[in-house]
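For reference, the structure is listed below as structure tokens.
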Amino acid sequence: MKSRSLKLREAHKVGGSSAASFCSILWDHKAEHFVTSSSSDPSISVHDGLSPSTSPPTVLRHHQDGVTALALSRDSSFLASGSIDHCVKLYKFPSGEFQTNITRFTLPIRVLAFNGSGSLLAAAGDDEGIKLINTIDGSIVRVLKGHKGPVTGLDFDPKGELLASLDSTGTVLCWELQNGIVSYTLKGVAPDTGFSNSIVNVLRWSPDGRTLAVPGLRNDVVMYDRFTGEKLFALRGEHLQGVCYLAWAPNGKYIATSGLDKQVLLWDVEKKQDIDRQKFEDKVCCMAWKPNCNALSLIDVKGKYGIWDDLVPSSMVSPTVGIPDIQPKRRNEILTFDEEFEEEFSENLDDDARVESDGGESRQLSRKRLRRNSFMDDDGGDVNEGFYDEISLPSSSGYKKKAHKEKRGVGSGVSRSVAASTRYKMQKAFQPGATPLEPGKRTFLCYNMVGCITTIEHEGNSRIETDFHDTGSGPRVSSMIDIYGFTMASINESGCVFANPCKGEKNMSVLMYRPFRSWASNSEWTVRFEGEEVKVVANGSGWVAAITSRNLLHIFTEGGFQKHILALDGPIVTAVGCKDQLAVVTHVSDCLSSNEQVMKFRIVNISSMTQQLKGRVAITPGSRLTWIGFSEEGCFSTYDSEGVLWVRTSQIGGSWIPVFSPSKEKKQEENYWVVGLNTTSVYCIACKHPELFPQVTPKPILTILDFSLPLQSSDLGSTSLINEFILKQRRLYETHRRVDEMDLSGADTTALEDEAFDLEVSQDRCILKLISSCCSSDKFLRASELMKLLTLEKSMRAAITLVTKLKLPSLAEKFSNILEERLLKESDEAITNPSTKVVTRAESKVQNPVASIQTSGNTEAVPKSSGTKLSAISLVSKAKVSEGGLKLGKEETKRDEAEDAKKKEVKALNLIKNTVNNANNGDKEPRKEVKQISVEMRADNPLGQADLDGLHDSNWKQLMGEDIQPPKDACTEISFRTEIPVQFLQAVNPSRQANVDELRDSNWEQSMEEDVQP
């Protein structure tokens, strides 16, 4: 059995690292909502079971102190809560509408339980007595006394005939509800929990009502017979400490137990063995099975809850298959009364509680008849099935009796399986940057990187205010009174647009645009939509868009002229505008059975009315979309309820990259509300958990978080470097794409090319650090792969120097081979394409045979060069020749020069490989040969000397930074080897230094001034 980890979310705050509270969790019968509470929190949270991370919970605040007990009626129509404040309260469910204080104790309450029909509520606590309360009129039916300590566990059997109770001393009492007597007593069978505030003793009837499960004294769970109380068997496994909670699966084939050892075990009851387990940081104090699927919800003593999905293996019977079909009898469960109760009950009978005799004479329903009929066998029918229809109990305001009309199975012991699982709903439309409206509170209609629009109810109407983040450049906009009840808005530098849902006399939505700057007066305009409701609005440069309930996209000009109307592919989810671009997200189909939303997006250029992009929206499974927008560089981005930020990239034909993951940055007590992003960071507002939206006052502060990819842990411990490399690789790809687009259009690309060069240098610096880490961990294959990813030739030579100084001659030879292959490839490209400017990753391009090179001091003619000129841009583009530019020589001359360069480079590479190999044997003769060739090359290329000295040992610190140097022992023991790459560089580095190249070389050296230690 293998332990797995489960992510927990905070539902209630428990103060202090050592503090612990008893927390409760339970599901309704349709699995649409679940409820949580904590003994350290007076509030109750009702969560949306379909999207708990997206929809904020409904909070019920009626208790004065911590909530210690919860109970839901079988049909989930009523919710009961007990508290340390001694009160038991009743609510309508799931609305949470408060009904009444149904009873009160003198000491704190520990446990609550409804019977099967919901007509009876059992409540108990430190008072030692158990109150049975009639939920119809709120009267106390009976008080059961017999425990000698606080009662912590209560459970009605499925047939509604027995009530089992357990106290903190470990004693179990089984009560017969017909007469209120104890059927049997089990003394000291459970652990003594004392007056613990975080752990209580519990017990549970099996779904078929035949077995009672009680925590045992040997870290086990003991099963007792329903009628006799005899011990049947025990479940004993890997619990190292006592069991503190247990929960039966709906079909009774499995049971989940939590222990003081912080483990949760899943048991196969028939085989009497545990089949799976989970280990947690804190003790799990409450659990509840999800009624319609293979899932278990749980909550620990810190108030953190989670859902354990698919806990029963698929090879075994599902916990929702074969659920016993046991319906509770619809009658008053206590029909044998003492004298005091007889008098109270007789007063409640009225004239309607009469039955017709065979002779037609009416007579009062006798208690003897009630008692006799109540003991009839199920197979013989239930005479009292209409008991509540015949007897009118005193009514109470706010209560309505609900009849339970459920079909019964044929015969006894009939089992049924769950029908179709709950159908998940498609996400509703939302406005990006808006927060839910709250009466009496100021909320955001829109919040983005430009500014925000807020609204608050004021004297029957709403008051709207517009603010800009940059108050110096933004216009000053006066507040306005909102008579339409706007619920959504969008803002940019030009103006803002508002809309409201259908309301008013003619039930029409209103769209209003308010420009900030206009040369004409009365530029504000409104449009009313008849027969359709505005769902989302957006605006951009000179246009306004509104998407309606009829899946129509209405596009208006800034002056209010309706220019276009288009049909969308599906129901709208959201939309956003940026300059000329409009992004629209729509549903493709219904929500999948796995609770995954299926959405698609379209990006339209409004000015040209062309579609730029379309595709599916990336979203974490089971989550909801919470924000969409464009980055500063124009990339479409989305953010989901799981905290993952997705950015659309043109790589691999168009893909999504999760550039931000909460698992890396998110703190447990924070949720992030995204506002915008740039090329490296996300701008958001940190909200204190469990809040999902920021408060308007005080004004929220933007938090800047660096991108963090959801990467797996690296065996080198260099996850941050891998994160940096992937992000820079994406930026470099997008920059190259923009250069290509601008080059095709004939625009000036100098600025973008410089930006690309800076990115290449930064990426190479990151790769060099990774190579150093690989060498330290003996990951030579990975180091050679990284060598191939280097962009600049100078960086590749630096890598050769690095591994040479690290006493890795085989790796240095491998790196030299990689460089040789790249140089040969570039030479071949130069020969086969003499009419093109070849700008490659090796930083080389074809040099004009006769060119005037402008140096920092003077201008002089340089003779024909027989080499290749280094460049900073890794692109292949057509040569651009200015009007007074250079004229290419004859093609044959060019080929000869390229062939000469190729021969010299290959010869030098061969020399360096031989030298590295011979160095281990003490042979230093090749070094002289390299020097001789170097001298000859210097005679041919005197101007190349300054650049060649850049990689010499004496300048290594200046090139790669003070901390980027090999160990001292490597430098002293094989100092002669460090000259080999330098000699090689001098041999293959021709005279080709122009001003641009000198500038980029200096930029490369400055960019490398960081830590890259071997």
Residue list for region 33-90, restricted to those being outside any loop (DSSP other than H, G, I, E, B), in contact with a Cys (Cβ under 9 Å, 6 or more places away or on another chain) and within 30 Å of Pro432 (Cβ to Cβ): Thr36
Looking only at region 791-819, and only at residues there that are more than 28 Å from Leu732 (Cα to Cα) and either in contact with a Leu (Cβ under 7 Å, 6 or more places away or on another chain) or among the polar types (S, T, N, Q) (or both), the one that is surrounded by the most Cβ atoms within 10 Å (Cβ to Cβ): Thr804
Candidate set: region 14-38, residues that are crowded, with 16+ Cβ neighbours inside 10 Å and closer than 21 Å to Lys688 by Cα; chosen: the one modelled with the lowest pLDDT: Val14
Residue pairs meeting the criteria (Cβ under 8 Å; at least 6 apart or on separate chains; first β-branched (Val, Ile, Thr), in region 811-831; second surrounded by fewer than 19 Cβ atoms within 10 Å (Cβ to Cβ) and assigned to a helix (DSSP H, G or I)): Ile818/Ser784; Ile818/Lys788; Ile831/Arg895; Ile831/Glu899
Selection from region 626-646 of residues that are out of contact with any strand residue (DSSP E or B) (no Cβ under 6 Å at 6 or more places or on another chain) and either over 15 Å from Ser661 (Cα atoms) or basic (Lys, Arg) (or both): Glu632, Glu633, Gly634
Pick from region 277-299, criterion charged (D, E, K, R) and touching a Ser or Thr at 6+ places or on another chain (Cβ under 9 Å), ranking: farthest from Thr320 (Cα to Cα): Lys283
Answer from Ala756, Ala798 - the residue that is assigned to a helix (DSSP H, G or I), within 30 Å of Leu711 (Cα to Cα) and touching a His at 6+ places or on another chain (Cβ under 9 Å): Ala756
Residue within region 596-605 that is outside the structural domain of Ser45 (by TED's automatic domain parsing), more than 20 Å from Ala545 (Cβ to Cβ) and in contact (Cβ under 8 Å) with a residue 40 or more places away in the chain present: yes
Residue satisfying all of: in region 685-739; in a loop (DSSP other than H, G, I, E, B) and small (Gly, Ala, Ser); surrounded by the fewest Cβ atoms within 10 Å (Cβ to Cβ) among these: Ser713
Selected residue (criterion: nearest to Lys302 (Cα to Cα)) from residues of region 47-69 that are surrounded by fewer than 21 Cβ atoms within 10 Å (Cβ to Cβ) and hydrophobic (A, V, I, L, M, F, W, C): Val59
Checklist (1) within 30 Å of Arg463 (Cα to Cα); (2) of a type outside the set (Phe, Trp, Tyr); (3) outside any strand (DSSP E or B); (4) under 21 Å from the mean Cα position of the chain (by Cα) applied to Glu642, failing item: (1)
Qualifying residue in region 626-633 (condition: of a type in the set (Val, Ile, Thr), modelled with pLDDT of 90 or more and touching an Asp or Glu at 6+ places or on another chain (Cβ under 9 Å)): yes
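A quick yes/no check of all residues on (1) crowded, with 18+ Cβ neighbours inside 10 Å; (2) polar (S, T, N, Q); (3) outside any loop (DSSP other than H, G, I, E, B):
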position: Leu163; (1), (2), (3): yes, no, yes
position: Gly170; (1), (2), (3): yes, no, no
position: Leu173; (1), (2), (3): yes, no, yes
position: Asn179; (1), (2), (3): no, yes, no
position: Val189; (1), (2), (3): yes, no, no
position: Asn197; (1), (2), (3): no, yes, no
position: Asn201; (1), (2), (3): yes, yes, no
Qualifying residue in region 515-531 (condition: more than 22 Å from Thr455 (Cα to Cα) and crowded, with 19+ Cβ neighbours inside 10 Å): yes
Residue match in region 226-243 (condition: touching a strand residue (DSSP E or B) at 6+ places or on another chain (Cβ under 7 Å), assigned to a loop (DSSP other than H, G, I, E, B), surrounded by fewer than 24 Cβ atoms within 10 Å (Cβ to Cβ) and among the basic types (Lys, Arg)): yes
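From the list Thr610, Thr620, pick out the single residue that is loosely packed, with under 14 Cβ neighbours inside 10 Å and β-branched (Val, Ile, Thr).
Details: Thr620 fails: loosely packed, with under 14 Cβ neighbours inside 10 Å.
Of the residues listed, the single one that is loosely packed, with under 14 Cβ neighbours inside 10 Å and β-branched (Val, Ile, Thr) is Thr610.
Going by what's in this entry, would Thr749 be described as crowded, with 18+ Cβ neighbours inside 10 Å and β-branched (Val, Ile, Thr)?
Values: crowded, with 18+ Cβ neighbours inside 10 Å: yes; β-branched (Val, Ile, Thr): yes.
In short, yes.
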Only listed residue being in a loop (DSSP other than H, G, I, E, B) and crowded, with 21+ Cβ neighbours inside 10 Å, chosen from Gly96, Gly116: Gly116
Count of region 101-124 residues which are modelled with pLDDT of 90 or more and either of a type in the set (Phe, Trp, Tyr) or at positive phi (or both): 2
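Output the residues belonging to region 607-636 that are within 25 Å of Glu558 (Cβ to Cβ) and in a loop (DSSP other than H, G, I, E, B).
Of region 607-636, the ones within 25 Å of Glu558 (Cβ to Cβ) are 607-613, 628-632, 634, 636.
Ser607, Ser608, Met609, Ser631, Glu632, Gly634, listed by residue number.
If the requirement is being at pLDDT below 95, part of a strand (DSSP E or B) and not polar (S, T, N, Q), which of these qualifies: Lys563, Lys506?
On the way: Lys506 fails: part of a strand (DSSP E or B).
Residue meeting the stated conditions: Lys563.
The values are calculated or read from the model by the stated rules, or taken from the named source; none is laboratory data. All of these numbers come straight from a predicted model, not from anything done at the bench. Neighbour counts are summed over all protein chains in view; Cβ atoms, including those assigned to glycine, are modelled from backbone coordinates with ideal geometry.
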